Amino acid sequence: MIFHEIDRDNWSRKPYFDHYLNQVRCTYSMTANIDITRLLAELKTKKIKLYPALIHMIATVVNRHVAFRTCFDSEGRLGYWDRMSPSYTIFHDEDKTFSAIWTGFSEDFKEFYIRYLDDMDKYGSVKGFQAKNNEPPNVFPISSIPWVNFTGFNLNIYNEGTYLLPIFTMGKYSKQDESVQLPLSVQLHHAVCDGYHAGVLFNELQSLADRCESWLPK
């Protein structure tokens, strides 16, 4: 993993970054439905779990665009990682708590799925906020609220407002007419992501769901 520092003085986004970080510090959230009708059918046929498929889709789009990988590193430098991996929550039904697990990203879904199953086998029953130790710095968060088909979701983060990476939360899918819709919320920092970027994110996720046969194992 490589962190590329951004030269702010020669960065086309500099005035927007400065405005939304230093003058009007601003984050925003957006929730939209992803049509997973075709994806769900393919996964059931191939006996593949939905959650890791969705995690892989999100991570794929994140890794396509620098805007979703831009952040401050541990030394306070602004830049972007060349590659990011997902850190996702799992639920412990026996005591109603959750833990976070990270899995190294691979563009190849089959490889990522094997890593996911291995991590779940090793850490799926481990309690505590972090079930898998040694989390690398180049991760971004994904969580799930599979009990609620929400239409909006907002995180209220009380810190200095300098967390720039996207935060994803997915909900319970439901059948609407002849389609299956899954709500997905993303929290973005306006310093690095505008409405355009949110549109790109959701449109590319929908495209991956629509053409899932092209990336799922044969």
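For PHE140, the amide hydrogen comes within under 5 Å of the amide hydrogens of SER85, SER87, counting only partners 5 or more places away or on other chains and with H modelled in the peptide plane.
What whole number of Å gives the distance from the Cα centroid of the range 1-61 to the Cα centroid of the range 104-151? If you average the Cα positions of each part, the centres end up 16 Å apart.
The C-alpha atoms of the chain define a longest principal axis, and helix 50-64 lies at about 30 degrees to it. Per residue, the chain exposes 52 Å² of solvent-accessible protein surface, assessed with a 1.4 angstrom probe and all protein chains in place. Picking from GLN206, GLN181, GLN23, which is most flexible by a Gaussian network model of the chain using Cα springs under 10 Å? Greatest mean-square fluctuation among the candidates belongs to GLN23. For the residue pair LYS47 and LYS172, what label-to-label distance in nm results when each label sits 7 Å from Cα along the Cα-to-beta-carbon direction? Taking the simple label geometry, LYS47 and LYS172 are separated by 2.8 nm.
Expressed as a whole percent, the accessible area of the range 14-214 that falls on carbon and sulfur atoms is 51 (1.4 Å probe).
Largest GNM mean-square fluctuation across SER207, SER29, SER85, computed for the chain with C-alpha springs under 10 Å, falls on SER207. Taking every alpha-carbon pair under 8 Å whose residues sit at least 6 apart, the range 1-125 reaches a relative contact order of 24 percent.
The mean sequence separation of alpha-carbon pairs under 8 Å and at least six residues apart, normalised by the residue count of the range 14-214, gives a relative contact order of 33 percent.
Between TYR163 and TRP215, the distance separating the two model label sites (each 7 Å from Cα on the Cα→Cβ line) works out to 2.5 nm. Residue separation of ARG77 and ARG64 scaled by 0.36 nm, minus their Cα-Cα distance, works out to 2.5 nm of gained length. Note on the chain: with a GNM built from Cα contacts shorter than 10 Å, the maximum mean-square fluctuation among TRP81, TRP11, TRP102 falls on TRP11.
Karplus-based coupling profile of the range 189-197, in residue order and whole Hz: 9, 5, 5, 10, 9, 9, x, 4, 5, with θ = phi - 60° in 6.51 cos²θ - 1.76 cosθ + 1.60 and x standing for Gly or Pro.
For a Förster distance of 30 Å, can you work out the FRET efficiency between the beta-carbons of ASP9 and TYR196, rounded to the nearest 0.05? The calculated FRET efficiency here is 0.80.
The values are calculated or read from the model by the stated rules, or taken from the named source; none is laboratory data. Nothing here was measured: the structure is a model prediction, and the numbers come from that model. Heads up, the Cβs are rebuilt from the backbone with ideal geometry, glycines too, and the neighbour counts pull from every protein chain shown. Note: accessible area is taken over every heavy atom of the protein model, side chains too, but ligands, DNA and RNA are not part of it. Shrake-Rupley method; radii C 1.70, N 1.55, O 1.52, S 1.80 Å.
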